[in-house]
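Okay, structure first, notes after.
The values are calculated or read from the model by the stated rules, or taken from the named source; none is laboratory data. Quick caveat: nothing in here was measured; it's all calculated off a predicted structure. Counting neighbours? That spans all protein chains shown, and the Cβs are built from the backbone with ideal geometry, glycine included. The protein model used for the area step is the full one, side chains on, heavy atoms only, and it has no ligands, DNA or RNA in it. Shrake-Rupley method; radii C 1.70, N 1.55, O 1.52, S 1.80 Å.
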There are 4 protein chains.
Amino acid sequence: MNKSQISVDDFDVLANRELSWAGDNGIRLLEIESGRAIMELPYQRRSIRPGGSISGPHMMMLADACMFAVVLSRLGDAQLAVTTSFNINFLRKPRECNLRAEGRLIKLGKRLAVMEVAICDESEIVAHATGTYSLPAASSPSKRTD
Amino acid sequence: MNKSQISVDDFDVLANRELSWAGDNGIRLLEIESGRAIMELPYQRRSIRPGGSISGPHMMMLADACMFAVVLSRLGDAQLAVTTSFNINFLRKPRECNLRAEGRLIKLGKRLAVMEVAICDESEIVAHATGTYSLPAASSPSKRTD
Amino acid sequence: MNKSQISVDDFDVLANRELSWAGDNGIRLLEIESGRAIMELPYQRRSIRPGGSISGPHMMMLADACMFAVVLSRLGDAQLAVTTSFNINFLRKPRECNLRAEGRLIKLGKRLAVMEVAICDESEIVAHATGTYSLPAASSPSKRTD
Amino acid sequence: MNKSQISVDDFDVLANRELSWAGDNGIRLLEIESGRAIMELPYQRRSIRPGGSISGPHMMMLADACMFAVVLSRLGDAQLAVTTSFNINFLRKPRECNLRAEGRLIKLGKRLAVMEVAICDESEIVAHATGTYSLPAASSPSKRTD
């Protein structure tokens with residue numbers, strides 16, 4: 001019942017194709033189940049601002065990729081889903097370490113999915129995002145429970 | 001009176017240091033005046049989704065960099081300004097071409113700056129973002145007109 | 001070409017029926033043209049916080065009603081349009097006076113309309129909102145120019 | 001440890017003074033503990049759109065009042081806290097019944113508090129909001145754990 005419609009391995013294949021920017025920045029899926037996903041952004045040169053903090057846009061990338069994984073956990077290989085709105089609050093400067101995003105489905109409707117993502121460094125939350133994805137008309141409604 | 005506190009060339013130097021991800025993705029400042037900035041994101045492999053559309057996170061990067069330029073147009077070299085919130089609506093799939101962002105200052109206060117950015121492809125608006133930047137306590141208040 | 005699909009008088013009739021809360025709070029449409037609307041929230045007891053400032057939720061009401069008027073300026077009597085997302089930044093404490101909202105259409109698509117609203121007191125901007133309205137499937141596409 | 005810095009009764013007194021619009025619309029606090037609050041918006045004429053649905057702005061009022069209660073649960077009688085940004089996604093048309101908001105603190109910093117609120121009808125979530133409150137400089141930092 002909590003099983004994802006897509007595995008971590010299948011997501012990796014699809015992300016290489018669909019979200020090449022995510023792979024370019026080292027973003028990878030760690031865990032996925034129905035309506036939830038955990039992703040990681042490694043601490044590396046490309047994503048860092050002077051002073052050692054990971055840049056805001058890299059946290060946005062991480063949150064957006066995590067929302068995409070959450071959508072796929074329910075709809076399977078729905079690669080036509082696209083972000084329609086995205087909102088993020090940056091809460092504190094992250095420590096110099098890998099960041100972890102935990103995404104959660106708030107609602108899956110016929111046309112829109114709404115998700116939230118908490119981004120944490122090794123000890124606390126550093127950013128919180130909400131977003132909506134527009135769903136392709138054909139995306140297997142039988143897989144949804146609402 | 002409409003002169004920017006930072007030139008395009010000085011912004012480029014600072015962006016290389018502060019926003020290396022922007023340069024990595026080819027984002028560059030085209031024009032700047034007090035409270036306004038125009039930036040460009042080139043159409044290139046790294047930022048494209050299958051089907052030819054520029055990815056959402058690359059448009060977020062472009063919008064965030066443009067807001068940073070708008071802040072600097074009023075405060076000069078205020079490299080400690082950081083994004084505190086960011087909201088974007090994606091309006092339509094961009095055409096396969098360079099994107100242009102036009103940023104505008106909505107309000108500059110003592111602690112926060114609020115900006116909006118319209119992103120256009122060669123013929124129409126494709127995304128609209130608003131964001132707030134937190135300002136360093138020391139950022140020369142004498143330069144502000146509010 | 002800039003003519004609204006609904007007059008100020010017809011909007012008032014519809015607002016009495018659809019947005020009775022707006023009338024209860026004295027909100028009224030001052031001007032409307034295609035893709036633009038100007039509304040006013042009077043300074044009165046019900047909407048005031050201690051200290052004399054108009055409350056945040058009353059500014060949200062004003063902005064939402066103004067977005068609705070902007071939608072109707074293009075679609076006519078589309079009373080099934082409903083807000084799907086709304087984002088507002090409060091910029092400074094308003095003076096003790098009537099507030100005026102100026103709404104502008106950012107994009108009108110088949111399923112969504114995106115608007116922005118600037119709220120001003122007698123001398124400057126005090127809040128800025130963006131929002132999306134979901135449009136009824138049947139809403140006369142012939143009236144749209146995009 | 002989970003005890004609120006303000007009781008339901010004390011909140012009611014303060015809300016009558018500070019948020020008279022909330023009382024005017026029947027909004028009331030049901031439960032409060034440290035970092036969490038539950039509020040109710042009754043189903044009544046003033047807040048209803050034709051067709052029987054509770055209006056968007058009334059859900060915004062409910063969410064904003066709930067965020068204020070969450071702030072007070074940690075800071076006590078901090079009546080100078082004001083909303084600086086607010087974002088809401090409307091997820092489905094509510095049933096014709098009372099609505100319940102559950103607010104949760106995401107982060108309490110020195111200058112800003114960030115909260116999220118889920119609004120539910122009798123069977124499911126109908127809206128989800130996030131917001132930031134600006135905190136008065138003097139607001140007893142000793143009461144905060146971050």
Per the 1/(1 + (r/R0)^6) rule, R0 = 51 Å and r from the Cβ atoms of residue C:30 and residue A:9, FRET efficiency to 0.05 is 0.30
Per residue, accessible area of the protein assembly as shown with a 1.4 Å probe, heavy atoms of protein chains only, in Å², comes to 39 Å²
Total charge of the residues flanking residue B:117 in space, meaning their Cβ is under 10 Å from its Cβ, with Lys and Arg +1 and Asp and Glu -1, is -2
homo-copy label distances at residue B:7 (7 angstrom along Cα-Cβ), nm, one dp, ascending, are 5.9, 5.9, 6.8
Helix B:56-75 sits off the longest principal axis of the Cα atoms of chain B, rounded to the nearest 10 on a 0 to 90 degree scale, by 20 degrees
Inter-copy distances for residue C:122, nm, shortest first, label points 7 Å along Cα→Cβ, are 5.0, 5.2, 5.8
In deg cm²/dmol, rounded to the nearest 500, the helical mean residue ellipticity at 222 nm of chain A, built from -39500 (n - 2.57) for every DSSP H run of length 4 or more, is -7500 deg cm²/dmol
Share of Cα-Cα pairs in the stretch B:64-134 beyond 19 Å, whole percent, is 34 percent
Ignoring ligands and nucleic acids, residue C:43 exposes an accessible area, probe 1.4 Å, in Å² to the nearest 10, of 70 Å²
Over 29 Å (Cα to Cα) among A:93/C:110; C:3/C:93; A:107/C:93; A:110/C:107 -> A:93/C:110; C:3/C:93; A:107/C:93
Counting only protein heavy atoms with a 1.4 Å probe and every protein chain in place, the carbon and sulfur fraction of the accessible surface of chain B in whole percent equals 48 percent
Taking a ≥ b ≥ c as the square roots of the eigenvalues of the Cα gyration tensor, with a/c under 1.5 meaning rounded and otherwise prolate when a/b exceeds b/c and oblate if not, the stretch C:56-102 is prolate
Mean projected area, convex hull of alpha-carbon positions in chain A, reported to one decimal in nm², is 8.0 nm²
Mean per-residue count of partner chain Cβ within 10 Å for D:54-63 equals 6
Taking every residue of C:131-137, the Cβ atoms of other protein chains inside 10 Å of its Cβ average out to 2
Tilt, helix A:8-18 to longest principal axis of chain A (alpha-carbon atoms), in degrees rounded to tens, equals 80 degrees
Taking alpha-carbon centroids only, the stretch D:56-76 lies from the stretch B:83-138 a number of Å equal to 28 Å
Nearest-0.05 FRET efficiency for residue D:77 and residue C:124 at R0 = 45 Å, using Cβ-Cβ distance, is 0.90
Note on the protein assembly as shown: alpha-carbon gyration tensor, axes a ≥ b ≥ c; rule is a/c under 1.5 for rounded, else prolate if a/b larger than b/c, else oblate; result rounded
The C/D contact buries a total accessible area, at probe radius 1.4 Å and rounded to the nearest 100 Å², of 2400 Å²
Axis carrying D to A; for chain D the Cβ-nearest residue and its rounded Å distance come to D:87, 2
Partner shielding of C:106-117, taken as the mean number of other chain Cβ atoms within 10 Å, equals 4
In this structure, the FRET efficiency calculated for residue A:97 and residue C:17 from their beta-carbon separation, with R0 = 60 Å, to the nearest 0.05, is 0.60
With the label set 7 Å along Cα→Cβ, residue D:44 is separated from its counterparts in the other copies, in nm and shortest first, by 1.8, 5.9, 6.1
